[in-house]
Every structure is written in structure tokens, then in C-alpha cells.
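Enquirer: My structure is below; once you've seen it, I'll send some questions.
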Amino acid sequence: MNIDIFIKDWIEAGNAFDTEKYLQFYHEDAVLDDPSVGRKFTGHKEIKDYFESYFIGYNTHTKLVHFHKTDEESLHIEVEFTGDFSEGKLGGIFDLRFKDEKISFAKADLIH
């Protein structure tokens with residue numbers, strides 16, 4: 001897996017609000033933990049609800065700031081979010097774990 005292309009394509013799918021393409025980057029039973037909304041989302045159905053609520057619903061666009069591998073199966077990503085939320089622009093992070101070239105676990109959080 002080329003991680004540079006994976007991250008670029010994942011962010012592009014999110015910014016295009018292409019829900020089906022966005023979900024293809026996740027395992028069917030992936031877990032997305034977002035402390036900033038106080039909830040974990042399990043599986044495609046719940047991750048779809050998360051994406052539609054917090055990304056499409058707030059017209060959120062993601063800009064990659066930096067990423068680095070933390071080990072062979074994990075990645076730390078720093079991003080900037082812009083959208084129709086009160087702050088207008090926020091920093092954020094994703095800590096991702098991979099299995100079979102898909103995201104198996106994601107921790108998403110905001111940096112205030």
C-alpha cells in the first residue's frame with residue numbers, strides 16, 4: 001500500500017462528500033472513536049452517519065498538514081478542518097490503524 005496515495009485519496013473522497021468512496025477506505029467492522037463528539041462509531045453504517053453528520057452536515061473540508069508512521073500498521077495525521085461551524089477553522093488529528101490495507105481503527109479529535 002502506498003500510504004501517500006491512500007491518505008490523499010481518503011481526504012479527497014471526504015472533501016468531495018463521496019460517502020460510498022469514503023467508506024471504502026474502512027473495514028466493514030472498523031471503529032471510529034471521536035472524543036470531540038463523545039462517541040465511538042462501529043461499522044460502515046455508524047461511520048456513514050458520523051461522516052454525513054459532521055463532515056457533510058457542516059460542509060467540513062480537510063487539509064492535510066502532516067503525517068508520520070508510528071509503526072508498521074499505524075499512522076498519526078495532523079489536519080486542518082474548515083467548515084460551517086462556529087470556529088470556522090480548527091486543527092485536528094487522526095490516529096489510524098490498518099489491517100489488510102484498510103482502516104481498522106481511527107481516533108479522530110479536534111485540537112483547540
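The values are calculated or read from the model by the stated rules, or taken from the named source; none is laboratory data. If you're wondering where the values come from, they're calculated on a predicted model, not measured in any experiment. We place every Cβ from the backbone using ideal geometry, glycine too, and count neighbours over all the protein chains shown.
Enquirer: Would you be able to say whether some residue in segment 3-20 is basic (K, R) and part of a strand (DSSP E or B)?
Expert: no
Enquirer: Looking at I103, I111, which one is surrounded by 17 or more Cβ atoms within 10 Å (Cβ to Cβ) and either modelled with pLDDT under 95 or in contact with a strand residue (DSSP E or B) (Cβ under 9 Å, 6 or more places away or on another chain) (or both)?
Expert: Matching residue, one of I103, I111: I103.
Enquirer: Among the residues of segment 13-31, are any among the hydroxyl-bearing types (S, T, Y) and in contact with a strand residue (DSSP E or B) (Cβ under 9 Å, 6 or more places away or on another chain)?
Expert: Within segment 13-31, one or more residues are among the hydroxyl-bearing types (S, T, Y) and in contact with a strand residue (DSSP E or B) (Cβ under 9 Å, 6 or more places away or on another chain).
Enquirer: Can you list residue pairs whose Cβ atoms sit under 7 Å apart, with the first residue in segment 99-110 being under 11 Å from E73 (Cβ atoms) and the second being surrounded by fewer than 16 Cβ atoms within 10 Å (Cβ to Cβ) and hydrophobic (A, V, I, L, M, F, W, C)? Count only pairs 6 or more apart in sequence or on different chains.
Expert: E101/M1
Enquirer: Conditions: (1) in contact with a Ser or Thr (Cβ under 8 Å, 6 or more places away or on another chain); (2) farther than 20 Å from M1 by Cβ; (3) exposed (fewer than 13 other Cβ atoms within 10 Å of the Cβ). T82 meets all but one. Number of the miss?
Expert: Checking T82 against (1) in contact with a Ser or Thr (Cβ under 8 Å, 6 or more places away or on another chain); (2) farther than 20 Å from M1 by Cβ; (3) exposed (fewer than 13 other Cβ atoms within 10 Å of the Cβ), the one that fails is (3).
Enquirer: Select from segment 69-93 the residues that are of a type in the set (D, E) and part of a loop (DSSP other than H, G, I, E, B) and write down the one among them that is modelled with the lowest pLDDT.
Expert: Once the filter is applied, the top-ranked residue is E72.
Enquirer: Here is a further query. If you check every pair at least six apart or on different chains, which have Cβ atoms under 7 Å apart with a residue in segment 42-63 that is farther than 16 Å from V79 by Cβ and of a type outside the set (K, R) first and a residue that is in a loop (DSSP other than H, G, I, E, B) and modelled with pLDDT of 95 or more second?
Expert: These pairs meet every condition: I56/F17.
Enquirer: Please work out if D34 is under 17 Å from I7 (Cα atoms), among the acidic types (D, E), touching a residue at least 24 places away in the same chain (Cβ under 8 Å) and surrounded by 15 or more Cβ atoms within 10 Å (Cβ to Cβ).
Expert: So D34 fails the test.
Enquirer: Filter segment 27-68 for residues that are of a type in the set (G, A, S) and either assigned to a loop (DSSP other than H, G, I, E, B) or over 20 Å from S104 (Cα atoms) (or both) and give the result.
Expert: Listed by number, the residues that qualify are S36, G38, S53, G57.
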